[in-house]
Amino acid sequence: MRRRVQGIAKDTLSFIMEACRDTMPREFAALLRAEDGIISDVLILPGTDSNERQASVKLYMLPNMQIVGSVHSHPNGVLRPSGPDLAFFSPTGSYHLIAGPPFDERSWACFDPSGNPRVLEILDVDLEDDIDGFLDEEGDF
Ligand SMILES: [Zn+2]
């Protein structure tokens, strides 16, 4: 059932921030999916520039996959979308996170597809069931 996005799971945000740190100095990029209105799935995209990212999005646009947004890092710490970012945002959902160093719970910002800041709550939820569902669904992708 599709529900309005209420926020992002705290564990998912921690996972993203760790991935951003691990990917430094390169840019980390992923698509976000929601379960029961909570952003809890991260689909990591290969490639580092926006063209590669757009190509990857097509690959991931499969039936049954509802993408609610995206996340990527700006290693330079500027928490604002660039021109290519905005082109990438519109076809990939309504919630777009940009993270910067030091990649902690506060070093990110969320934008709508037009690049306007939007509020995204951090929710402390148990994700175990969602992770199982994710693995079943993705299979051997
Ligand atoms: Zn960017």
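The values are calculated or read from the model by the stated rules, or taken from the named source; none is laboratory data. Values in this document were obtained by computation on a predicted structure and should not be read as measured data. Positions of Cβ are backbone-derived with ideal geometry, glycine not excepted, and every protein chain shown enters the neighbour counts. Ligands, DNA and RNA are excluded from the accessible area calculation, which covers all protein heavy atoms including side chains. Shrake-Rupley method; radii C 1.70, N 1.55, O 1.52, S 1.80 Å.
For the reader, a short list of remarks on this structure follows.
- The one condition from (1) in contact with a helix residue (DSSP H, G or I) (Cβ under 9 Å, 6 or more places away or on another chain); (2) under 27 Å from Val125 (Cα atoms); (3) modelled with pLDDT under 80 that Arg53 does not meet is (2).
- Among the residues listed as Pro101, Pro84, the single one being more than 25 Å from Leu127 (Cβ to Cβ), at pLDDT below 95 and either out of contact with any helix residue (DSSP H, G or I) (no Cβ under 6 Å at 6 or more places or on another chain) or open to solvent by 50 Å² or more (accessible area, probe 1.4 Å) (or both): Pro84
- Within region 1-31, the residues that satisfy the criterion of being in a loop (DSSP other than H, G, I, E, B) and not aliphatic (A, V, I, L, M) are Arg2, Arg3, Arg4, Gln6, Pro25, Arg26, Glu27, Phe28.
- Of all residues in region 65-81 being more than 8 Å from the ligand (Cβ to nearest atom), part of a loop (DSSP other than H, G, I, E, B) and open to solvent by less than 40 Å² (accessible area, probe 1.4 Å), the one that is nearest to Phe103 (Cα to Cα): Gly77
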